[in-house]
Amino acid sequence: MNGHRLELRDVSKSFGAMPVLGDVSLTVGEGEFVSIVGPSGAGKSTILRLLSGSERADAGEILFDGHALGVSGASFAFMPQRDALMPWRRIIDNTTLGLEVKGMSRKEAHARVAPLFEPFGLAGFEHHYPAQLSGGMRQRAALLRTVVQEQDMLLLDEPFGALDALTRTQLQEWLQEMWAGHRWTALLITHDVREAVFLSDRIYVLSPRPARVVAEFQVPLSRPRRLADLGSAAARAIETDILERLLHHQAI
Ligand SMILES: Nc1ncnc2c1ncn2[C@@H]1O[C@H](COP(=O)(O)OP(=O)(O)OP(=O)(O)O)[C@@H](O)[C@H]1O
């Protein structure tokens with residue numbers, strides 16, 4: 001084992017005649033928050049689908065704790081762009097869904113999620129239905145449902161993409177605090193370079209399809225972070241550099 005939790009080595013994937021991923025290599029360490037930014041349609045979500053097992057790579061290796069993904073027993077908690085809450089279930093019963101699917105009784109699952117409602121800013125809304133909550137609250141409920149399953153790794157696919165700019169900023173700040181407290185091993189897919197800089201330890205920049213990694217950045221901001229840190233010279237320099245790579249996809 002080389003210290004990485006997740007490692008993709010030269011992973012490629014085509015859909016029919018269309019190459020989507022071309023030799024993508026990346027790593028995520030224990031307790032590390034890593035983001036992937038790339039142009040629309042580059043294949044970012046495809047990477048997550050390879051991890052969740054809903055697609056298979058054509059070539060290359062995906063390792064978890066040094067073992068091939070299929071035999072590693074790795075479990076991923078996935079949070080999609082849309083909250084995917086079930087409208088007919090109360091918030092508390094939505095957040096227990098993943099636990100119940102894994103065989104936990106509803107009573108036990110309720111006991112597990114209940115203490116998280118306060119830190120997730122959902123106290124008092126346990127018995128509301130999704131339609132009675134704001135978009136930001138629904139995304140927090142979706143994240144609660146995701147993290148309570150205590151999987152090996154958190155996969156976030158544009159989790160704030162459907163929110164208005166202010167709510168999105170508030171949730172980025174909130175997620176940063178939550179992550180600092182829990183140190184989930186996390187892989188975030190985003191179009192939003194500022195979001196990636198604010199949340200990540202490291203950032204991979206993908207080229208247009210067929211995607212390959214054209215740059216990797218270590219974010220030099222100390223934690224805990226505040227939004228104001230994005231105005232620092234270091235943050236602005238890295239943001240500009242990533243945007244340049246995205247626009248001109250120069251390889252390093
Ligand atoms: N199951 C599939 N069959 C055929 N083509 C697919 C399939 N899944 C994805 N694609 C195609 O692969 C390409 C990459 O899709 P993917 O969703 O991974 O991109 P993305 O980088 O996540 O895009 P966006 O940022 O717009 O969400 C797209 O052109 C998409 O149409």
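The table below gives the values:
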| quantity | calculated |
| --- | --- |
| Low-density loop cleavage sites - chymotrypsin sites (Phe, Trp or Tyr not before Pro) in the range 7-108, where at most 12 other Cβ are within 10 Å (DSSP) | 88 |
| 222 nm mean residue ellipticity, helices alone, for the chain (DSSP H n ≥ 4; -39,500 (n - 2.57); rounded to 500) | -9500 deg cm²/dmol |
| Potential lengthening between residue 123 and residue 166 on full extension [0.36 nm per residue; Cα-Cα distance subtracted] | 13.3 nm |
| Partner aspartates and glutamates for residue 107 [C-alpha distance under 15 Å; skip if fewer than 8 residues away on the same chain] | 93, 126 |
| Total formal charge among the other residues, if their Cβ is under 10 angstrom from that of residue 61, Lys/Arg +1 and Asp/Glu -1 | -1 |
| For 72, 207, order by how many other beta-carbon atoms lie within 10 Å, fewest first | 72, 207 |
| The chain: proportion of alpha-carbon pairs further apart than 32 angstrom, % | 22 percent |
| Label-to-label distance, nm, for residues given as residue 234 and residue 248 (7 Å Cα→Cβ offset) | 2.5 nm |
| Under 19 Å from residue 13, Cα to Cα: lysines that are on another chain or at least 8 residues apart | 44 |
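No lab work stands behind these numbers, since they all come straight from the coordinates. All values derive from a computational prediction rather than experimental measurement. Neighbour counts run over all protein chains shown; Cβ positions are idealised from the backbone, glycine included.
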